1. Give just the number: which of (1) under 13 Å from residue 100 (Cα atoms); (2) under 38 Å from the mean Cα position of the chain (by Cα); (3) assigned to a helix (DSSP H, G or I) does residue 48 not satisfy?
2. Look through 49, 85, 73, 37 and report the one residue that is more than 22 Å from residue 107 (Cα to Cα), crowded, with 18+ Cβ neighbours inside 10 Å and touching a residue at least 40 places away in the same chain (Cβ under 8 Å).
3. So which residues in segment 306-324 are in a loop (DSSP other than H, G, I, E, B) and touching a residue at least 24 places away in the same chain (Cβ under 8 Å)?
4. If we keep just the residues of segment 192-205 that are assigned to a loop (DSSP other than H, G, I, E, B) and touching a helix residue (DSSP H, G or I) at 6+ places or on another chain (Cβ under 9 Å), which is farthest from residue 317 (Cα to Cα)?
5. Determine whether segment 74-83 contains at least one residue that is farther than 20 Å from residue 25 by Cα, at pLDDT 85 or above and within 34 Å of the chain's Cα centre (by Cα).
6. State whether one or more residues within segment 133-145 are surrounded by 10 or more Cβ atoms within 10 Å (Cβ to Cβ), at pLDDT below 70 and under 19 Å from the mean Cα position of the chain (by Cα).
7. Can residue 103 be described as assigned to a loop (DSSP other than H, G, I, E, B), exposed (fewer than 15 other Cβ atoms within 10 Å of the Cβ) and at pLDDT 90 or above?
8. Looking at residue 208 and the list (1) more than 30 Å from residue 297 (Cα to Cα); (2) not in a loop (DSSP other than H, G, I, E, B), which single condition is not satisfied?
């Protein structure tokens with residue numbers, strides 16, 4: 001069945017549709033009813049199960065003879081299609097009449113949207129448009145980012161030391177400790193993990209297994225060994241993120257950015273860089289990175305060749321996209 005157009009969820013007469021197909025008032029009432037069965041009727045193989053007794057109960061002004069006659073008219077006009085379907089999940093597996101709208105039938109009420117729904121649809125469309133524009137702007141910014149050719153040999157600004165590499169035993173103990181703690185509390189471990197959607201939240205389920213909550217709210221236990229190992233390896237190198245679930249809809253503070261991003265590795269083009277420090281300036285902040293040769297540079301805008309000035313929101317959003 002093709003995607004249905006926007007429509008109301010109440011019985012509304014589409015007078016233009018009625019006139020187009022020369023329907024009587026009773027036939028139009030039944031058509032309005034058929035349009036709305038998708039909101040409550042059981043679907044079997046694309047057909048919606050409708051018992052005659054249900055129709056008689058919902059439309060008391062229509063007797064069974066009139067119902068059958070009106071149904072035949074709608075079918076002859078190819079506005080609906082009917083089929084006997086077997087409802088396997090019901091006791092006795094009864095065979096009942098199923099009804100679906102045809103492409104012509106889906107035109108009914110397709111232009112009618114209640115004011116409250118129309119307002120909500122417009123609001124959602126505007127929000128989607130704004131998000132798409134913001135994402136596009138960030139992607140363009142990412143393409144323009146580069147590093148300053150000037151190498152800083154020294155700096156008086158104190159640097160946050162990276163966390164040391166763990167031995168095999170230390171790594172195993174780290175995994176066991178985090179697993180035990182978060183299995184008891186059922187609290188999220190973190191989100192914003194590289195190679196995953198930033199809103200994917202990691203947690204330990206009731207079976208003491210690493211699991212995720214997707215951005216759509218779906219709970220899944222991870223079973224791919226490579227995915228599981230990637231997460232624990234990354235978390236062991238970024239233990240400051242344990243218990244840190246980021247609300248990406250809120251603007252971060254500079255301290256939060258430093259906690260979450262300093263000493264993390266990002267990929268800019270073909271180059272791997274480590275985020276060395278953030279430098280506050282009047283309009284935002286600059287980002288210093290260190291390459292694999294140990295050279296410290298400032299991220300610049302490729303177009304202007306000047307130091308890139310990030311807002312706090314922009315720094316968090318863009319740098320998380322570049323994390324490795």
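1. (3)
2. Exactly one residue qualifies, and that residue is 85.
3. Matches in segment 306-324: 308, 309, 311, 324.
4. To start, the set of residues in segment 192-205 that are assigned to a loop (DSSP other than H, G, I, E, B) comprises 192-200, 205.
If we keep only those that are touching a helix residue (DSSP H, G or I) at 6+ places or on another chain (Cβ under 9 Å) as well, we get 192-196, 198, 205.
Working: 192: 10, 193: 13, 194: 13, 195: 14, 196: 14, 198: 9, 205: 28 Å.
The selected residue is 205.
5. Looking through segment 74-83, none of the residues is farther than 20 Å from residue 25 by Cα, at pLDDT 85 or above and within 34 Å of the chain's Cα centre (by Cα).
6. The answer is yes; a qualifying residue exists.
7. no
8. Failed condition: (2).
The values are calculated or read from the model by the stated rules, or taken from the named source; none is laboratory data. All values derive from a computational prediction rather than experimental measurement. FYI the Cβ positions are ideal-geometry reconstructions off the backbone, even for glycines, and counts take in every protein chain you see.
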